[in-house]
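Chemist: This structure is in structure tokens; I'll ask about it shortly.
The values are calculated or read from the model by the stated rules, or taken from the named source; none is laboratory data. Computed from a predicted structure; not experimentally measured. As a convention, Cβ positions derive from the backbone with ideal geometry for all residues, glycine included, and neighbour counts pool all protein chains shown. What goes into the accessible areas is simple: the full protein's heavy atoms, side chains included, and nothing from ligands, DNA or RNA. Shrake-Rupley method; radii C 1.70, N 1.55, O 1.52, S 1.80 Å.
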Amino acid sequence: MSELPDATRRRLLSAAAGAGAAALAGCANVEVGDGGTETTATPKYDVAVSHDETAWAKYDPDWAGPTDPPVPADVTVEVLVENLEIPWDLAFAPDGDLFITERTGNVLRFDAGEVTEVTAPDGVLDAEAMEPGTDERSWFIAGGEGGMLGIAVHPAYPDAPYIYTYYTTQPDGEPKTNRIARFDVSADDPAATEEVLVDGIPGDAIHNGGRIAFGPANYLWATVGDAGEKELAQDPSALPGSVLRLTPDGEPHPDNPETGDPRVFTYGHRNPQGITWLPDARPVITEHGPDGRGETNLLRAGANYGWPEVRTAEAYAGDDEYAHPLTNSGEESWGICGCVFYTGEAVPQWSNRLVIGTLIGQHVNLVTLNREGEAPPRDEGAQVFDEPWYDDALAATSHRTLQDVLGRVRHVEQGPDGDLYAITSNRDGRPKSESPFPRDRDDVLVRLTLAE
């Protein structure tokens, strides 16, 4: 693998994004489920979006998993932005704008090689970033695992110029909570346009979940951690340990399961931090496990994914009550995190596979999923998940790449150009003690392409 090239240091050029003042849309807060509030928003922008998943540009119900191994692939790592402060998520708008969150509370836009600050809303819990190049290791920095986390862009952007964020807040010393909010980025002051769509999601120093994304049918999905209260993950009426499916205005999806809180799609999760979709529109998540045991799960509406009742091979082997994983890392800790089902051709060997960032593992994981009748890529570098207790809907095979090249990889995303982009999380105090990370340029946004 190539060494990381030099890059121009991050520049913050403007505190405003776009022009035109915007007034707050009308909102009505309604108490739902475990005491949190749901906001019924009155959209300022009357822009219709399709909720037909078959109209999704990537929709392919007859997709096939690759049968060749994904490695070796000579990948070039191009640093686009450096000295970011614990970036957590990135999301592309339909017009190509790239939005990035930093756990310290900022939302940034990257466009034409420049970085601008879009907004830094009041109330976001500030997660302290370690200095670039430091040797200090501090597992629990200020803010714990909270702060400004996930980001998503309205599917009709820029006609509906909304970004959505998932962030941790702790006003006046109260308990930490998480919320999902949206902002009008065409306003002079986007922070003043904030609409809180989901509030009161229990938070903690650990297990806040936090990934949000619009799925194939243009509904908003969110992954919620158990906030250290693992017993709540088994309650579909509570939000901790769940995956939510919402309308763009924050209301429950009309076809969500009728098993508890109307926003909950699945439950029994520990700390899910990645969500993506297969070409047939089925959702897949990645989630952190205890003592290793990070998982990849294929989601089914209303299903219970077992935390904290099952997580080991022994427990799954004798169980028929809970949904089983596609992959489980066993006793090895990967810190499995943000992911994308990659369909581009910038790195053709990786196409039609899950590309997953890992934190503790400090590598990128490539998971090939094969249907019945396909020959999985079972070379000597493969880790195979074929024991009877795994979810048999798809055969999963894992390969590692970019080991210790980027350090802690928080998220990987596909851009409109078909390229792969990744962000690191090396300034959160948690790189391995023997690791060279964080380097002086950390944290970084990079583009991954096939070397010429």
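Chemist: What does the helix-only formula give at 222 nm for the chain: each DSSP H stretch with n ≥ 4 adding -39500 (n - 2.57), the total divided by the residues, and the result rounded to the nearest 500 deg cm²/dmol?
Modeler: Taking each H run of at least 4 residues, the total per residue is 0 deg cm²/dmol.
Chemist: Under a point-charge model restricted to the Cβ atoms of Lys and Arg (+1) and Asp and Glu (-1), what is the dipole moment magnitude of the range 268-402 relative to its Cα centre, in debye to the nearest 20?
Modeler: My answer is approximately 540 debye.
Chemist: Could you please state how large a percent of the accessible area of the range 120-234 is carbon and sulfur, counting protein chains only and using a 1.4 Å probe?
Modeler: Ligands and nucleic acids excluded, carbon and sulfur reach 44 percent.
Chemist: Summarise the accessible area of the range 396-450 (1.4 Å probe, protein heavy atoms) by the percent that is carbon and sulfur.
Modeler: Values: 630 of 1510 Å².
It is 42 percent, rounded to a whole number.
Chemist: Then there is this: For the range 261-419, what does the alpha-carbon gyration tensor say about shape, rounded, prolate or oblate, given a ≥ b ≥ c as the root eigenvalues, a/c under 1.5 as rounded, and a/b over b/c as prolate?
Modeler: Because its axes are fairly even, with a/c under 1.5, the range 261-419 counts as rounded.
Chemist: Another one. Which value, in Å², gives the accessible area per residue of the chain when a 1.4 Å probe is used on the protein heavy atoms?
Modeler: In whole numbers, the chain has 37 Å² accessible per residue.
Chemist: From the Cα gyration tensor of the range 376-417, with a ≥ b ≥ c the square roots of its eigenvalues, which class applies: rounded if a/c is under 1.5, or else prolate if a/b is larger than b/c, or else oblate?
Modeler: Judged from the Cα gyration tensor, the range 376-417 comes out prolate (a/c at least 1.5, a/b above b/c).
Chemist: Would you work out the charge dipole size for the chain about its Cα centre, treating the Cβ of every Lys and Arg as +1 and the Cβ of every Asp and Glu as -1, and quote it to the nearest 20 debye?
Modeler: 420 debye
Chemist: Also: Evaluate the distance, in nm, between pseudo-label points positioned 7 Å from the Cα of LEU450 and of ASP62 along their respective Cα→Cβ axes.
Modeler: 2.5 nm
Chemist: Still on this model: Report the convex hull volume per residue for the chain, counting only C-alpha atoms, in Å³.
Modeler: It is 134 Å³ per residue.
Chemist: Also, I was wondering about something else. Please calculate the 1.4 Å probe accessible area of GLU114, with all protein chains present, and give it to the nearest 10 Å².
Modeler: Counting only protein heavy atoms, the figure is 80 Å².
Chemist: Under a plain spin-label model, where a point goes 7 Å from the Cα along Cα-to-Cβ, how far apart in nm are ALA315 and SER351?
Modeler: 4.1 nm
Chemist: Counting pairs of Cα atoms in the range 333-452, how many percent are more than 20 Å apart? Before the final figure, lay out the partial values.
Modeler: Values: 3243 of 7140 pairs.
Considering the range 333-452, 45 percent of its Cα-Cα pairs are separated by more than 20 Å.
Chemist: Over the range 264-336, with every protein chain in place, what whole percent of the accessible area is carbon and sulfur at 1.4 Å, could you tell me?
Modeler: Ligands and nucleic acids excluded, carbon and sulfur reach 40 percent.
Chemist: Of the peptides 428-435, 224-231, how do they stack up when ordered by the mean number of other Cβ atoms within 10 Å, highest first?
Modeler: Per-residue mean Cβ counts within 10 Å order the peptides as 224-231, 428-435.
Chemist: For a quick size check, give me the Cα extents of the range 198-265 along its three principal axes, largest first, whole Å.
Modeler: 32, 23, 18
Chemist: Can you sort GLU387, GLU452, GLU258 by solvent-accessible area, 1.4 Å probe, largest first?
Modeler: Result of the area sort, largest leading: GLU452, GLU258, GLU387.
Chemist: Give me the one-decimal nm value for the distance between modelled label points at ASP122 and ILE206, 7 Å along each residue's Cα-to-Cβ direction.
Modeler: Those two pseudo-labels are separated by 3.4 nm.
Chemist: Then there's this: Is the range 348-410 best put as rounded, prolate or oblate by its Cα gyration tensor, with a ≥ b ≥ c the root eigenvalues, rounded for a/c under 1.5, and otherwise prolate when a/b is larger than b/c, oblate when not? Please list the in-between numbers first.
Modeler: Values: a/c = 2.23, a/b = 1.82, b/c = 1.23.
Judged from the Cα gyration tensor, the range 348-410 comes out prolate (a/c at least 1.5, a/b above b/c).
Chemist: So what is the relative contact order for the chain, in percent, with contacts set as C-alpha pairs under 8 Å and at least six apart?
Modeler: 18 percent
Chemist: Among GLN362, PRO376, LEU326, whose Cα projects farthest towards the positive end of the dipole of the range 258-380, with charges put on the beta-carbon of Lys, Arg (+1) and Asp, Glu (-1)?
Modeler: Checked the options; the winner is GLN362.
Chemist: Right, another one. Direction-averaged shadow area of the convex hull around the Cα atoms of the range 219-309, nm²?
Modeler: Working: hull surface 22.3 nm².
With the hull built on Cα positions only, its mean projection is 5.6 nm².
Chemist: Treating only the Cβ atoms of Lys and Arg (+1) and Asp and Glu (-1) as charged, compute the dipole magnitude of the range 327-402 about its Cα centre; round to the nearest 20 debye. Walk me through the numbers on the way to the answer.
Modeler: On the way: 4 positive and 11 negative charges, 67 e Å.
Value, rounded to 20: 320 debye.
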